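Participant: I have a structure I would like to understand better, so I am pasting it below and will then ask my questions one at a time.
The values are calculated or read from the model by the stated rules, or taken from the named source; none is laboratory data. All values derive from a computational prediction rather than experimental measurement. Cβ atoms come from the backbone with ideal geometry, glycine included; neighbour counts cover every protein chain shown. Please note that ligands, DNA and RNA were not included when accessible areas were found on the heavy atoms of the full protein model with its side chains. Shrake-Rupley method; radii C 1.70, N 1.55, O 1.52, S 1.80 Å.
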Amino acid sequence: MKVAIVADDKEQSDELKCFVERYCQEHGKRAHIVEFADGIDIVSDYAADYDIIFLDIVMKHMDGLKTAKYIREMDGKVVLAFVATDSRYAVHGYAVDASSFLIKPLSYAVFAQDFARCVEKAERAQNKYIVFSTENGMDRLELNKIIYVESHSHKIVINTTEKSYCVRETMHSLEDKLPKEQFLRCNHCYIVNLLHVKGVHGEYAVLDGGDLKISRPRRKEFVERFSKYAFI
């Protein structure tokens, strides 16, 4: 998970970071934590690649509510959690679909209970979307829309049900990001979304976007994986 903590109180930011690290250690999770001292710092160059964002309500330049509204305009899936001293702010969380509202001072027991819900929601979102680099910046794409990924003429292209994306990634980096139960290489140049495989005819995988050749070393695994996925 990629977690952002946005708070102008360094002590509070450090406490949240320690709580996140403790939770991950106790539950076998991994998190990359990024800290920001004000809302304006995270929105000035926002990329939709965070899973969970903690926002302090009161900050000097841009408060948590304004920050959340800005983020929601660019990112509808990130999990937002507010931190405040006054529960009256909680009603504003509905407008930005906040998943948690923590009241200071924090205890680890309360934090862990709320954070567990945030993690569950973030993991569900992770399973449905992929974030990747393009020439224009970062894009988020629904996994089920991907038909296949191809390496062609030194370019990596994601072919979807709507359009094709030329990405600034390697095949290996995309393969690591894509859920292995749904995506599989049929040969060196193609990663296929099993959701869009209609069948296996001889040496070819039949997809919505055309037929792709399955290399001989990968055919047995591909047929087995397709057979299992077809009945999930």
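Participant: Would you tally the residues in the stretch 178-196 being at pLDDT 90 or above and over 18 Å from V157 (Cα atoms)?
Facilitator: Going through the stretch 178-196 one residue at a time, the tally reaches 0.
Participant: Continuing with the same structure: If we keep just the residues of the stretch 1-30 that are more than 15 Å from K60 (Cα to Cα) and of a type in the set (K, R), which is least open to solvent (accessible area, probe 1.4 Å)?
Facilitator: Among those that are more than 15 Å from K60 (Cα to Cα) and of a type in the set (K, R), it is K2.
Participant: Looking at the stretch 118-134, which of the residues that are open to solvent by 30 Å² or more (accessible area, probe 1.4 Å) and part of a helix (DSSP H, G or I) is modelled with the lowest pLDDT?
Facilitator: Q126
Participant: Return the pairs, sorted by first residue and then second, in which the second residue is open to solvent by 10 Å² or more (accessible area, probe 1.4 Å) and polar (S, T, N, Q), the first residue lies in the stretch 43-56 and is closer than 21 Å to C24 by Cα and touching a residue at least 40 places away in the same chain (Cβ under 8 Å), the beta carbons are less than 8 Å apart, and the residues are 6+ apart or on different chains.
Facilitator: Correct list of pairs: D51/Q126.
Participant: Same structure, new question: Take the residues in the stretch 83-117 that are part of a helix (DSSP H, G or I), open to solvent by 50 Å² or more (accessible area, probe 1.4 Å) and modelled with pLDDT of 85 or more; name whichever of them is nearest to A31 (Cα to Cα).
Facilitator: Among those that are part of a helix (DSSP H, G or I), open to solvent by 50 Å² or more (accessible area, probe 1.4 Å) and modelled with pLDDT of 85 or more, it is R117.
Participant: For residues that are of a type in the set (S, T, N, Q) and touching a His at 6+ places or on another chain (Cβ under 9 Å), scanning just the stretch 135-172, find the one that is surrounded by the most Cβ atoms within 10 Å (Cβ to Cβ).
Facilitator: The selected residue is S151.
Participant: Follow-up question, since we're still on this one. Can you tell me which residue within the stretch 173-232, out of those that are outside any helix (DSSP H, G or I) and among the aromatic types (F, W, Y), is nearest to the chain's Cα centre (by Cα)?
Facilitator: Only one residue fits best here, namely F183.
Participant: Exactly one of (1) at pLDDT 90 or above; (2) touching a Phe, Trp or Tyr at 6+ places or on another chain (Cβ under 9 Å) is unmet by E203. Its number?
Facilitator: E203 satisfies every listed condition except (2).
Participant: Please list, ordered by first then second residue, the pairs with beta carbon atoms under 7 Å, 6 or more apart or interchain, first in the stretch 7-21 and closer than 15 Å to A31 by Cα, second modelled with pLDDT of 95 or more and among the charged types (D, E, K, R).
Facilitator: K17/E35
Participant: What number of residues in the stretch 36-53 are surrounded by fewer than 19 Cβ atoms within 10 Å (Cβ to Cβ), aliphatic (A, V, I, L, M) and either at pLDDT below 90 or in a helix (DSSP H, G or I) (or both)?
Facilitator: Of the residues in the stretch 36-53, 3 are surrounded by fewer than 19 Cβ atoms within 10 Å (Cβ to Cβ), aliphatic (A, V, I, L, M) and either at pLDDT below 90 or in a helix (DSSP H, G or I) (or both).
Participant: Assess whether I33 counts as being open to solvent by 10 Å² or more (accessible area, probe 1.4 Å) and among the aliphatic types (A, V, I, L, M).
Facilitator: yes
Participant: Among the numbered criteria (1) in contact with an Asp or Glu (Cβ under 9 Å, 6 or more places away or on another chain); (2) under 19 Å from L143 (Cα atoms), which one does N193 miss?
Facilitator: Unmet condition: (1).
Participant: With the structure loaded, tell me whether C186 is farther than 28 Å from K2 by Cα and touching a residue at least 12 places away in the same chain (Cβ under 8 Å) or whether it fails that test. Explain how you work it out, then say what you get.
Facilitator: Details: farther than 28 Å from K2 by Cα: yes; touching a residue at least 12 places away in the same chain (Cβ under 8 Å): yes.
So C186 fits the description; yes.
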